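Read the structure below first, then the notes.
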Amino acid sequence: MLRVGTKQRFAKTTLSFFGKRTKMGSSAAGVAAQEPPVLFNVNDKARVVTLNRPAKLNALNTQMCTLMFQTLNEYSKSDSANLIIIKSSNFPRSLCAGGDVASVAMDNLAGEAKRSVEFFTSEYSLNYQLATFNKPTISIMDGITMGGGVGVSIHSPFRIATENTKWAMPEMDIGFFPDVGTTFALPRVLTLANLHGQMSLYLCLTGDVLSGEDAYMLGLASHYVSHENLKELEVRLSEIDAPDVVELNDANTGPSALYDMIDRSIKEFGQPRFPPNYKFRFSDAQLSVIEKCFDIKKLTSVEDLIASLEAFYNGSAESKTFANEVKDRLMTKSLSSMGVALRLLQENSKDHVESAIRRDLFTAANMCYNFEGLCEFSEATKHKLVDKSRTPYPWKLDKPLTSSQVTSLTSIKPSITANLWPNNVNVTWKDYPFHLNYQLPTEKLIEQHIKKSEGNGKLDLANFQNSLLNVNPNTKDKLGMKMILDNIIRRKCTEVDKAIRWVE
């Protein structure tokens, strides 16, 4: 709902790159050209990080990532900062369109790969910091959220999509790879057709652009809020007082209590329903193709994937058509990059977050130097983003990489110096501690719930949804809950002797 009548009580201040604070008043528009590329505002109990490079759709560079990393380090130590809001001055056009890979490519081609590695070090250090941050972070994806924009949002437990969101990981088109920790995140948060990382691999390879509604349904966003409610939501979030932590294991006073308060506050402003014409992007027939062909536990190579798409047939004409269309699309993309994406998903879906993002850094560094000529990242990026060619890049590496070549691209080289910066928290984990508490449930969670109940035979279709509500009270009234449960029941379950059973 739209809250009215709430006044913001604290003046905004902005921290420049050199640490000077200046009041933001009515003259701000006149000095916009002098503003730093990231603004840091103190809004009562919240700290607001605003990406402010609108001419480049907030494409990240080394200065922006360094500034955010350093300031977030200070916020992590502040007792007066309860939460962090990440947003854009360029809404609703973009949160962030990615990293400034056009500049990276030109540096690489000019023999300045070291400068490129410095950029990726700053960006991935920021991603790792956000993934393990010791305070709640809320990312507002109001507009284009791609590549590096996914990196500054996907690791937040609260990821807000709007009707303007356009989410994608389009790296295959420029010969790069799905970086910024997405190969760690997607296997853990995606809700549908992802028990074996299938939807993760599909989105990484195809670069499909998702609407805000679809991003929310798939778990890429935890909440769906209308653009017009965002300003009032920010005021509400800034007023949240952290509960006194008396006992860490007490749900009412421990760390999760603050996260629950934030969740409830966002829900106050969330949309009660989707737009009238909304239809989930993927049909059951299409999901069956994704589940069958993109299984990262079974695939050993890109050749296996292409062969699986070519051979796919389950009696459905729609499925066969979709499989052929996806195969044709993939054949226009970098075979080298697809092999790297598959390997990173296989490794990072099992690894802890620090190791996963460090592996991203090694891979990016290897692609920038390209000592072995195993990728065409710089050339393809120049073709698409600098020369602005409308035609696909003519890939010269027209065969998939061997397993050993993929290993070489994703491993550290003694000749390359690259490592993540230490931050004030410096912890790691294999699963996000809060993400799944506040987004729509994943198939894995529902599968576990059903299998746990199979022994007693009491879980029938009529009572299935009610029983699931007891698993996580935070999600029982979420928008799209019935839609996602109906989808999973229809595709993955059957009823035997009036008891619901999971179909393997």
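The values are calculated or read from the model by the stated rules, or taken from the named source; none is laboratory data. This structure is a prediction, so every number in the text was calculated from the model and none was measured. Note: ideal-geometry Cβ built from the backbone for every residue, glycine included; neighbour counts use all protein chains shown.
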Looking only at the stretch 160-207, which residues are aromatic (Phe, Trp, Tyr) and more than 13 Å from Ser337 (Cβ to Cβ)? Trp167, Phe184, Tyr202
Pairs, first touching a residue at least 40 places away in the same chain (Cβ under 8 Å) and more than 14 Å from Leu67 (Cα to Cα) in the stretch 35-49, second of a type in the set (D, E, K, R) and assigned to a loop (DSSP other than H, G, I, E, B), C-beta under 8 Å, six or more apart: Asn43/Lys12; Asp44/Arg9; Asp44/Glu239; Lys45/Glu239; Lys45/Asp241
Which of the residues belonging to the stretch 302-315 are crowded, with 18+ Cβ neighbours inside 10 Å and not in a helix (DSSP H, G or I)? Phe312
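Against the definition (under 29 Å from Phe280 (Cβ atoms), in a loop (DSSP other than H, G, I, E, B) and touching a Gly at 6+ places or on another chain (Cβ under 8 Å)), how does Leu459 come out, yes or no? First the steps, then the outcome.
Values: under 29 Å from Phe280 (Cβ atoms): yes; in a loop (DSSP other than H, G, I, E, B): yes; touching a Gly at 6+ places or on another chain (Cβ under 8 Å): no.
Considered against the rule, which asks whether it is under 29 Å from Phe280 (Cβ atoms), in a loop (DSSP other than H, G, I, E, B) and touching a Gly at 6+ places or on another chain (Cβ under 8 Å), Leu459 comes out as no.
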Scan the stretch 380-395 and give yes if some residue there is touching a residue at least 40 places away in the same chain (Cβ under 8 Å), under 26 Å from the mean Cα position of the chain (by Cα), within 26 Å of Phe69 (Cβ to Cβ) and buried (at least 19 other Cβ atoms within 10 Å of the Cβ), otherwise no. yes
Checking Gly175, Gly99 in turn, the sole residue that is touching a strand residue (DSSP E or B) at 6+ places or on another chain (Cβ under 8 Å) and buried (at least 24 other Cβ atoms within 10 Å of the Cβ) turns out to be Gly99
Failed criterion for Val471 (all others in (1) surrounded by 13 or more Cβ atoms within 10 Å (Cβ to Cβ); (2) of a type in the set (Val, Ile, Thr); (3) not in a loop (DSSP other than H, G, I, E, B) hold): (3)
When both residues are 6+ apart or on different chains and their Cβ atoms are under 7 Å apart, which pairs have a first residue that lies in the stretch 159-187 and is outside the structural domain of Tyr128 (by the TED database), and a second that is modelled with pLDDT of 95 or more and among the β-branched types (Val, Ile, Thr)? none
Would you check which residues across the stretch 183-222 are over 19 Å from Asn487 (Cβ atoms) and of a type in the set (S, T, N, Q) and list them? Thr183, Thr206
Could you check how many residues of the stretch 66-115 are closer than 18 Å to Ala168 by Cα and in a helix (DSSP H, G or I)? 2
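Residue check: is Thr132 closer than 21 Å to Gln439 by Cα, of a type in the set (Ser, Thr, Tyr) and within 14 Å of the chain's Cα centre (by Cα)? Step through it out loud before you land on a result.
Details: closer than 21 Å to Gln439 by Cα: yes; of a type in the set (Ser, Thr, Tyr): yes; within 14 Å of the chain's Cα centre (by Cα): no.
In short, no.
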Of the conditions (1) in a loop (DSSP other than H, G, I, E, B); (2) surrounded by fewer than 19 Cβ atoms within 10 Å (Cβ to Cβ); (3) touching a residue at least 12 places away in the same chain (Cβ under 8 Å); (4) not basic (Lys, Arg), Pro414 fails just one. Which one is it? (3)
Residue that is surrounded by the fewest Cβ atoms within 10 Å (Cβ to Cβ), among those in the stretch 37-50 that are touching a helix residue (DSSP H, G or I) at 6+ places or on another chain (Cβ under 7 Å) and farther than 20 Å from Asn134 by Cβ: Pro37
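Just for the stretch 102-112: of the residues that are crowded, with 16+ Cβ neighbours inside 10 Å and of a type in the set (A, V, I, L, M), which one is farthest from the chain's Cα centre (by Cα)?
Looking only at the stretch 102-112, we keep the residues that are crowded, with 16+ Cβ neighbours inside 10 Å, and these are 102-108.
Next, only the ones that are of a type in the set (A, V, I, L, M) stay: 102, 104-106.
On the way: Ala102: 22, Val104: 22, Ala105: 24, Met106: 27 Å.
This residue is Met106.
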From Lys298, Lys382, grab the single residue that is modelled with pLDDT of 95 or more and not in a helix (DSSP H, G or I). Lys298
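What are the residues in the stretch 151-172 that are surrounded by 24 or more Cβ atoms within 10 Å (Cβ to Cβ) and in a loop (DSSP other than H, G, I, E, B), if any?
Filtering the stretch 151-172 for residues surrounded by 24 or more Cβ atoms within 10 Å (Cβ to Cβ) gives 151-156, 158-162, 165, 167, 169, 171-172.
Residues satisfying the conditions are Val152, Ser153, Ile154, His155, Ser156, Thr162, Thr165, Met169.
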Looking at the stretch 255-273, I want the residues that are without any contact (Cβ under 8 Å) to a residue 24 or more places away in the chain and have a partner that is aliphatic (A, V, I, L, M) and surrounded by fewer than 19 Cβ atoms within 10 Å (Cβ to Cβ) with Cβ atoms under 6 Å, at least 6 apart or on another chain. Which pairs are those? Met261/Ile240
Considering every residue within the stretch 188-197, establish whether at least one is outside any strand (DSSP E or B), surrounded by fewer than 24 Cβ atoms within 10 Å (Cβ to Cβ) and basic (Lys, Arg). yes
Looking at the stretch 434-455, is at least one residue assigned to a helix (DSSP H, G or I) and of a type in the set (Gly, Ala, Ser)? yes
Which condition number in (1) in a loop (DSSP other than H, G, I, E, B); (2) under 28 Å from Ile262 (Cβ atoms); (3) of a type outside the set (Val, Ile, Thr); (4) in contact (Cβ under 8 Å) with a residue 60 or more places away in the chain is the one that Asn487 fails? (1)
Residues of the stretch 474-484 being crowded, with 17+ Cβ neighbours inside 10 Å and among the hydrophobic types (A, V, I, L, M, F, W, C), in sequence order, are Leu479, Ile484
Condition test on Thr402, is it surrounded by 12 or more Cβ atoms within 10 Å (Cβ to Cβ), more than 28 Å from the chain's Cα centre (by Cα) and of a type in the set (Ser, Thr, Tyr)? yes
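Looking only at the stretch 36-65, how many residues end up being assigned to a helix (DSSP H, G or I) and among the hydroxyl-bearing types (Ser, Thr, Tyr)? Before you say what the answer is, go through the steps one by one.
Of all residues in the stretch 36-65, those assigned to a helix (DSSP H, G or I) come to 54-56, 62-65.
Checking which are among the hydroxyl-bearing types (Ser, Thr, Tyr) leaves us with 62.
Summing the residues that are assigned to a helix (DSSP H, G or I) and among the hydroxyl-bearing types (Ser, Thr, Tyr) in the stretch 36-65 gives 1.
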Does at least one position in the stretch 359-371 carry a residue that is surrounded by fewer than 20 Cβ atoms within 10 Å (Cβ to Cβ) and outside any helix (DSSP H, G or I)? yes
